[in-house]
């Protein structure tokens, strides 16, 4: 008995010791993880400053994606602040030899003599300028990054300077050819192209797909042509590219189709280029950049042509850092930096030159394969910096970006798969509330359930059934999904969705909750139309493109009662609208449906509604020379510059829109709203406008985001608000069950009332 009691005492005594050991280990691990995260944060800040704002020639020789990955590994386990500083200097000194890293309590003075050569003859100021930001995957030429007084080769990932789109449905399985007239400097050359496209939204692939045919120029006008065979394509892109050093003139585009052995001209508006707006001819996409200026040239009183000329000035804009300017920034609680953002350089090298041997060693080390966790950390570091320095809406969204970065680092350490990390990226960027943010990766889930659902009257309702054997009916109420209440299920999914407005968030979440891995099952609990409750098991069986094709409203044009006309701007082309104009101007009313994304090239249609010249400036690409949104400037405001056009549409006009309308759709709706061209029926648009920018990340992740600032036409905030309807419409459960389009019904009611009041 005595031994037993002693044993029991020992057990009682040992248990608290074990407990203390466990607590100590947990606290130690927690402290280690905090130190790792702090090290990664410090590296991330310095990485962004050096990559995008330090202008040394050595920094242009580095694979920055690989440096983000390798650097994360090299600093992660630094045990203290001195070790972290030493690691950072080893990484960045071969790239930025005048970088200083010091303790916050040290009094370090910048000495301009350290970056000044003894003889400055032949030296010019080298400094970064960013219009938005030009990234590896950037394809919109309005986003540019370059160093002053440093020539760089033109990126291959650029759009052609001038192009236009053509619906190819009538051209399938036929030969077509493009003819244009060209005038230029003798022996200079220009590229012509015809590009059939399977996917009308796949504009990113234009730069690598066009394969132009080049022709020599002459001092007088000469006609040239290219041919292509069209299979079952959706779209044809045609235009010109110019990479010469002179000036080139282009005029009189023609598109012809071979039909029964003869060539038939395809009639398109403004192929003579004589109808112009500020940026060039109406209907054509014209892109100027730091290398080339593109626009219309008046030949005589009414005859215009296109002009592309090489820019002599290589600065993107007037404002740039001055020699001697440095960044003084804290990169951690204990470390600060001094980093020049303007250097002197001659035709050979920026001054001072870095150690060539150490630079070579650094470049070789970046070829080493790194483990997946460092790949993920590198991807986070790049993402953090691109938004930190170049996202134009931090003044609107008010997010604590550094805190979200800390959370993302913690999540990355816990991720087990690439798909887990995809969700980490999505949760991280969802805080930016940018409806253009879309993150793509091969690990994504691209199969859909055979249903559609929507939130109607605060209930999740089945709105379409694609599998008749499921037993589901339109109007069934979904109570839970995989044993989670529908509201909680959606709230969890919405954490990974970036959207600027509730309407667009609802739209995306209603889509994304349908997605899953191929042949995986989802269990939903429903209440049917008779009040019966049951559980239905559904399979993710439909490939995403096949799924959404079943929801396309293919109707382009309808003649409604009372001589009202309906046109679906998501489907109809400008050429088709032009052909309908005689009917439209004789109608009692016009209803334009823009609940989605319109066909490209529809802006001229607004000219038929306008009574005054459109002079508003509401689009702007930020001018950036400093990090952290400091002194980000918005000076180069642009608009569409539309002018009234005959025939003018005088009858009552109603536009239908909702939260799905984003970007280009909002540009159209914004003009309609500002100039009161129509009564708007429906719900607010997505509140996200401006050309998309794109970047690739280590591990094969790709992110889209909004790279420019767009306001309403009166200069007030658009982002996060959208274009608001004049008459708000909500769906009803009764309307869903009966298969009615309540938005269209309201539009018809409004247009009839307007016509009655007008009479």
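Going by the conditions given, is residue 706 buried (at least 17 other Cβ atoms within 10 Å of the Cβ), at pLDDT 95 or above and closer than 30 Å to residue 443 by Cα? Working first, answer last.
On the way: buried (at least 17 other Cβ atoms within 10 Å of the Cβ): yes; at pLDDT 95 or above: yes; closer than 30 Å to residue 443 by Cα: yes.
It is true that residue 706 is buried (at least 17 other Cβ atoms within 10 Å of the Cβ), at pLDDT 95 or above and closer than 30 Å to residue 443 by Cα.
So, residue 604, is that one closer than 27 Å to residue 752 by Cα and more than 27 Å from the chain's Cα centre (by Cα) or not? Break it down stepwise before answering.
On the way: closer than 27 Å to residue 752 by Cα: yes; more than 27 Å from the chain's Cα centre (by Cα): no.
Answer is no for this residue.
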Scanning for something out of contact with any strand residue (DSSP E or B) (no Cβ under 7 Å at 6 or more places or on another chain), without any contact (Cβ under 8 Å) to a residue 60 or more places away in the chain and either within 20 Å of residue 695 (Cβ to Cβ) or crowded, with 23+ Cβ neighbours inside 10 Å (or both), does the stretch 120-141 turn up at least one residue? no
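Kindly indicate whether residue 615 is more than 30 Å from residue 730 (Cβ to Cβ) and under 21 Å from the mean Cα position of the chain (by Cα). Step through it out loud before you land on a result.
Numbers: more than 30 Å from residue 730 (Cβ to Cβ): yes; under 21 Å from the mean Cα position of the chain (by Cα): no.
In short, no.
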Could you please give the count of residues in the stretch 585-606 that are crowded, with 19+ Cβ neighbours inside 10 Å and either out of contact with any helix residue (DSSP H, G or I) (no Cβ under 9 Å at 6 or more places or on another chain) or not in a loop (DSSP other than H, G, I, E, B) (or both)? 10
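So, in the stretch 491-505, of the ones that are assigned to a helix (DSSP H, G or I) and more than 12 Å from residue 685 (Cα to Cα), which residue ends up nearest to the chain's Cα centre (by Cα)? Reasoning before the result, please.
Taking the stretch 491-505 and keeping what is assigned to a helix (DSSP H, G or I), we get 491-494, 502-505.
Next, from what is left, pick out any that are more than 12 Å from residue 685 (Cα to Cα): 491-494.
Numbers: 491: 24, 492: 24, 493: 21, 494: 19 Å.
Among those residues, the one meeting the criterion is 494.
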Exactly one of (1) farther than 19 Å from residue 665 by Cα; (2) at pLDDT 95 or above; (3) assigned by TED's automatic domain parsing to the domain that holds residue 704 is unmet by residue 561. Its number? (2)
Given the criteria in a helix (DSSP H, G or I), within 21 Å of residue 327 (Cα to Cα), touching a strand residue (DSSP E or B) at 6+ places or on another chain (Cβ under 9 Å) and without any contact (Cβ under 8 Å) to a residue 60 or more places away in the chain, does residue 89 qualify? yes
Among (1) buried (at least 21 other Cβ atoms within 10 Å of the Cβ); (2) in contact with a helix residue (DSSP H, G or I) (Cβ under 6 Å, 6 or more places away or on another chain); (3) farther than 17 Å from residue 96 by Cβ - the single one residue 334 does not satisfy: (1)
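Would you point out which residue out of 405, 387 is touching a residue at least 12 places away in the same chain (Cβ under 8 Å), within 16 Å of residue 68 (Cα to Cα), touching a strand residue (DSSP E or B) at 6+ places or on another chain (Cβ under 8 Å) and assigned to a helix (DSSP H, G or I)? Write out each step before concluding.
On the way: 405 fails: touching a strand residue (DSSP E or B) at 6+ places or on another chain (Cβ under 8 Å).
Matching residue, one of 405, 387: 387.
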Count of residues meeting criterion [modelled with pLDDT of 90 or more and outside any loop (DSSP other than H, G, I, E, B)] in the stretch 308-324: 1
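Could you check, for the stretch 408-415, whether at least one of its residues is closer than 30 Å to residue 659 by Cα and modelled with pLDDT of 95 or more?
Taking the stretch 408-415 and keeping what is closer than 30 Å to residue 659 by Cα, we get 408.
The next check asks that each one be modelled with pLDDT of 95 or more; those that pass are 408.
Checked the stretch 408-415: at least one residue is closer than 30 Å to residue 659 by Cα and modelled with pLDDT of 95 or more.
Do you know which of the residues in the stretch 432-482 that are at positive phi and in contact with a strand residue (DSSP E or B) (Cβ under 7 Å, 6 or more places away or on another chain) is surrounded by the fewest Cβ atoms within 10 Å (Cβ to Cβ)? It would help to see each step written out before you state the result.
Here is the first cut: in the stretch 432-482, the residues at positive phi are 433, 457-458, 471, 475, 482.
Among the residues that remain, those that are also in contact with a strand residue (DSSP E or B) (Cβ under 7 Å, 6 or more places away or on another chain) are: 471, 475, 482.
Working: 471: 12, 475: 17, 482: 10.
In this case the residue turns out to be 482.
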Enumerated strands (runs of 3 or more DSSP E) restricted to the stretch 203-273, each holding at least 2 residues that are within 25 Å of the chain's Cα centre (by Cα) and closer than 15 Å to residue 193 by Cα: 235-241
Per-region count, the stretch 168-192, residues more than 26 Å from residue 299 (Cα to Cα) and surrounded by 20 or more Cβ atoms within 10 Å (Cβ to Cβ): 3
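Sort out which residues of the stretch 721-745 are part of a helix (DSSP H, G or I) and crowded, with 18+ Cβ neighbours inside 10 Å, and write them in order of number. Show your work before the answer.
Pass one, the stretch 721-745, residues part of a helix (DSSP H, G or I): 733-738, 742-745.
Once the filter is applied, which keeps residues that are part of a helix (DSSP H, G or I) and crowded, with 18+ Cβ neighbours inside 10 Å, the stretch 721-745 yields 736, 743, 744.
Please indicate, with yes or no, whether at least one residue in the stretch 508-529 is in a helix (DSSP H, G or I), over 27 Å from residue 723 (Cα atoms) and touching a residue at least 24 places away in the same chain (Cβ under 8 Å).
Going residue by residue through the stretch 508-529, those that are in a helix (DSSP H, G or I) are 508-512.
So of that shortlist, the ones also over 27 Å from residue 723 (Cα atoms) come out as none.
Checked the stretch 508-529: no residue is in a helix (DSSP H, G or I), over 27 Å from residue 723 (Cα atoms) and touching a residue at least 24 places away in the same chain (Cβ under 8 Å).
Taking the conditions exactly as written (touching a residue at least 60 places away in the same chain (Cβ under 8 Å), surrounded by fewer than 20 Cβ atoms within 10 Å (Cβ to Cβ) and over 30 Å from residue 257 (Cβ atoms)), does residue 108 satisfy them or not? Let's see the steps before the verdict.
Details: touching a residue at least 60 places away in the same chain (Cβ under 8 Å): yes; surrounded by fewer than 20 Cβ atoms within 10 Å (Cβ to Cβ): yes; over 30 Å from residue 257 (Cβ atoms): yes.
Spelling it out, residue 108 is indeed touching a residue at least 60 places away in the same chain (Cβ under 8 Å), surrounded by fewer than 20 Cβ atoms within 10 Å (Cβ to Cβ) and over 30 Å from residue 257 (Cβ atoms).
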Being at pLDDT 95 or above, under 30 Å from residue 130 (Cα atoms) and in contact with a strand residue (DSSP E or B) (Cβ under 6 Å, 6 or more places away or on another chain) is the filter here; which residues of the stretch 638-668 pass it? 661, 665
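The rows are residues; the columns are (1) surrounded by 14 or more Cβ atoms within 10 Å (Cβ to Cβ); (2) under 30 Å from residue 590 (Cβ atoms); (3) at pLDDT 95 or above; (4) assigned by TED's automatic domain parsing to the domain that holds residue 659.
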{"site": "492", "(1), (2), (3), (4)": "no, no, yes, no"}
{"site": "501", "(1), (2), (3), (4)": "yes, yes, yes, no"}
{"site": "506", "(1), (2), (3), (4)": "yes, yes, yes, no"}
{"site": "513", "(1), (2), (3), (4)": "yes, no, yes, no"}
{"site": "524", "(1), (2), (3), (4)": "yes, no, yes, no"}
{"site": "527", "(1), (2), (3), (4)": "yes, no, yes, no"}
{"site": "544", "(1), (2), (3), (4)": "yes, no, no, no"}
Filter the stretch 665-700 for residues that are crowded, with 24+ Cβ neighbours inside 10 Å and in a strand (DSSP E or B); the one that is nearest to the chain's Cα centre (by Cα) is 693
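Any chance the stretch 165-182 includes a residue that's assigned to a loop (DSSP other than H, G, I, E, B), outside the structural domain of residue 601 (by TED's automatic domain parsing) and modelled with pLDDT of 90 or more? Full working, then the answer.
Restricting attention to the stretch 165-182, the residues satisfying the condition of being assigned to a loop (DSSP other than H, G, I, E, B) are 168-173.
Going one step further and asking which of them are outside the structural domain of residue 601 (by TED's automatic domain parsing), we end up with 168-173.
Filter again for modelled with pLDDT of 90 or more, leaving none.
Checking the stretch 165-182: not a single residue is assigned to a loop (DSSP other than H, G, I, E, B), outside the structural domain of residue 601 (by TED's automatic domain parsing) and modelled with pLDDT of 90 or more.
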If you check residue 400 against the conditions, is it over 20 Å from residue 35 (Cβ atoms) and either loosely packed, with under 15 Cβ neighbours inside 10 Å or at pLDDT below 95 (or both)? yes
Residue 240 being closer than 14 Å to residue 177 by Cα, surrounded by 15 or more Cβ atoms within 10 Å (Cβ to Cβ) and in contact (Cβ under 8 Å) with a residue 24 or more places away in the chain: yes
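The values are calculated or read from the model by the stated rules, or taken from the named source; none is laboratory data. None of these values were measured; they are calculated from a predicted model. Heads up, the Cβs are rebuilt from the backbone with ideal geometry, glycines too, and the neighbour counts pull from every protein chain shown.
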